[in-house]
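Student: Below is one structure. I have some questions about it.
The values are calculated or read from the model by the stated rules, or taken from the named source; none is laboratory data. None of the values given here were measured: they were computed from a predicted structure. Here the Cβ is made from the backbone with ideal geometry for all residues, glycine too, and neighbour counts use every protein chain on show.
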Amino acid sequence: MYDFVIIGGGIVGLSTAMALGQRYPQAQILLLEKENHFAPHQTGNNSGVIHSGIYYKPGSLRAKLCREGCQSMVEFCQKYNIEYDVCGKVIVATEPEELPLLENLYQRGLENGLEIQKITAEQVKEVEPYVQCLAGIKVNSTGIVNYTQVAQKYAEIIAERGAKLQLSTKVETIKNTSEGAIIQTNKGEFKAKFLINCAGLYSDRITQLGGVKPQAKIIPFRGEYYELIPEKRHLVKTLIYPVPNPNFPFLGVHFTRMIDGNVHAGPNAVLSLKREGYKKTDFDFADTVDTLTYPGFWKLATKHAKDGIEEIIRSFNKAAFVQSLQRLIPEVQSEDLIPTHAGVRAQALKNDGKLVDDFLIVEGRNAMHVCNAPSPAATASLEIGKAIVEKVANV
């Protein structure tokens, strides 16, 4: 019997295993991942941004762990010689009605303890010469990294400390006993004194298998990206974001310089008809029915109908996507952009149609379930792992 079994080999599951090994060096630890490599889904398909924490509600777990994680992620990369760049970013207002929203965001950043500056349109151009805007915020602590490399380093550290990492192992059932949990997989049975669920896009289903009501359902949203052709990468020096719509849960299409030198433009945010559906044509009947029969989804869709329709239009109409990008950089043309990989975000949604706006960790019987860990979970992964282990210690 293992002392701890972690389900999920993304960056949160790996960071949790690493933190457990640090806290309990003599413990028997097992991590199970259903794919044949680590960080295959949200971690391996995200934008690679080391977030500052400017967007998140002051006092929330998300704001606290992101701010702390921004620093600890940079320190981790320095320690293990992982390439990163604290390049900073600008958030810009392009319309007069966005100026009050920019001011509100600036005040939120100050409340979150960030070093940020309000800058004029002329000062924005000193950072990003091709951006057209009315005003902006400069966020110095934002950076970029390859989170797949970070996750791989986590896995190496875990293995060096003696924990067991098992790939291609899919959890099928969980049975609770007085001694812990019996986890049935396609590779046999494993027993755990304590179970930690970090299954990302399937976290709610694993929670239910563990006999706990997850409090929310995971709704998958696909984020589709374009990439600037090499000849036009000079248009973007760092990261360029619009002022987000405070009533819409996504940040809007933006420009992100990647650590490998590529520049990604996007994402939009459209409902995925498969939990791991990275293509427009991907479809899973059970996943689709699961979403479309959930009352919370229809309440959300009704509330954000206009925004949702615009996202769908951008998904199927490149010209509309380009038009959104031209609000930030007018010089960008359709021929400058080529499609690149998409990501799928696991967003927890309550039955009343409200998105879970913070990290959500639900306790079970000898178990801990991470039921909502969207962005900035990669940035905050080291701190999330520590927080989970702290909760485990206090159970």
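Student: Is it fair to say T340 is under 29 Å from E98 (Cα atoms) and among the hydroxyl-bearing types (S, T, Y)?
Tutor: no
Student: If D260 passes every condition in (1) within 17 Å of the chain's Cα centre (by Cα); (2) loosely packed, with under 14 Cβ neighbours inside 10 Å but one, which one does it miss?
Tutor: Single failed check for D260: (1).
Student: Here are K280, K232, K237: which of them is basic (K, R), out of contact with any Gly (no Cβ under 8 Å at 6 or more places or on another chain), in the same structural domain as P339 (by TED's automatic domain parsing) and in a helix (DSSP H, G or I)?
Tutor: K232
For every residue, the table says whether it meets (1) under 16 Å from the mean Cα position of the chain (by Cα); (2) crowded, with 22+ Cβ neighbours inside 10 Å.
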site	(1), (2)
G8	yes, yes
L14	yes, yes
A17	no, yes
Q22	no, no
A27	no, no
L30	no, no
N36	no, no
S52	yes, yes
Y55	yes, no
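Student: Could you list all residues from the range 160-181 that are surrounded by fewer than 16 Cβ atoms within 10 Å (Cβ to Cβ) and over 17 Å from E35 (Cβ atoms)?
Tutor: Listed by number, the residues that qualify are E160, R161, G162, T173, K175, T177, S178, E179.
Student: Give me the pairs: first residue in the range 275-297 and farther than 14 Å from A346 by Cβ, second residue at pLDDT below 95 and in a helix (DSSP H, G or I), beta-carbon distance under 9 Å, and six or more apart or on different chains, which are they?
Tutor: Matching pairs, first to second residue: K280/S315; K280/F316.
Student: Tell me which residues, restricted to the range 160-195, are under 29 Å from the mean Cα position of the chain (by Cα) and polar (S, T, N, Q).
Tutor: Hits for the range 160-195 are Q166, S168, T169, T173, Q184, T185, N186.
Student: Can you tell me which of Y80, Y84 is surrounded by fewer than 19 Cβ atoms within 10 Å (Cβ to Cβ) and in contact (Cβ under 8 Å) with a residue 40 or more places away in the chain?
Tutor: Among Y80, Y84, only Y80 is surrounded by fewer than 19 Cβ atoms within 10 Å (Cβ to Cβ) and in contact (Cβ under 8 Å) with a residue 40 or more places away in the chain.
Student: Hey, L134 hits all of (1) closer than 30 Å to Q326 by Cβ; (2) under 20 Å from the mean Cα position of the chain (by Cα); (3) surrounded by fewer than 17 Cβ atoms within 10 Å (Cβ to Cβ) but one; which does it fall short on?
Tutor: Exception for L134: condition (2).
Student: What's the number of the only condition in (1) touching a residue at least 12 places away in the same chain (Cβ under 8 Å); (2) in contact with a strand residue (DSSP E or B) (Cβ under 9 Å, 6 or more places away or on another chain) that L65 fails to meet?
Tutor: (2)
Student: Do we find that V150 is surrounded by 16 or more Cβ atoms within 10 Å (Cβ to Cβ), of a type in the set (A, V, I, L, M), assigned to a loop (DSSP other than H, G, I, E, B) and in contact (Cβ under 8 Å) with a residue 40 or more places away in the chain in this structure?
Tutor: No.
Rundown of residues vs (1) surrounded by fewer than 17 Cβ atoms within 10 Å (Cβ to Cβ); (2) farther than 27 Å from A387 by Cα; (3) not assigned by TED's automatic domain parsing to the domain that holds S381, yes/no style:
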residue	(1), (2), (3)
C70	no, no, yes
F76	no, no, yes
L99	yes, yes, yes
Y106	no, yes, yes
G109	no, no, yes
N112	no, no, yes
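Student: All but one of (1) touching a residue at least 12 places away in the same chain (Cβ under 8 Å); (2) more than 14 Å from I29 (Cα to Cα); (3) assigned to a strand (DSSP E or B); (4) not aromatic (F, W, Y) hold for L165; which doesn't?
Tutor: If we test L165 against (1) touching a residue at least 12 places away in the same chain (Cβ under 8 Å); (2) more than 14 Å from I29 (Cα to Cα); (3) assigned to a strand (DSSP E or B); (4) not aromatic (F, W, Y), just (2) comes out false.
Student: Okay, moving on. Tell me, yes or no, whether the range 207-227 has at least one residue that is buried (at least 21 other Cβ atoms within 10 Å of the Cβ), β-branched (V, I, T) and in contact with a Pro (Cβ under 9 Å, 6 or more places away or on another chain).
Tutor: There is at least one residue in the range 207-227 that is buried (at least 21 other Cβ atoms within 10 Å of the Cβ), β-branched (V, I, T) and in contact with a Pro (Cβ under 9 Å, 6 or more places away or on another chain).
Student: Residue pairs, Cβ under 7 Å, 6 or more apart or interchain, first in the range 108-137 and charged (D, E, K, R), second part of a helix (DSSP H, G or I). List them.
Tutor: Filtered contacts from the range 108-137: K118/Y106.
Student: If you check G69, G44, G8, G48, which single one turns out to be touching a Cys at 6+ places or on another chain (Cβ under 6 Å), of a type outside the set (S, T, Y) and within 29 Å of Y278 (Cβ to Cβ)?
Tutor: Exactly one residue qualifies, and that residue is G8.
Student: Of all residues being in a loop (DSSP other than H, G, I, E, B) and at pLDDT below 95 in the range 168-203, which is nearest to F4 (Cα to Cα)? Just the residue, please.
Tutor: By that ranking, first place goes to E179.
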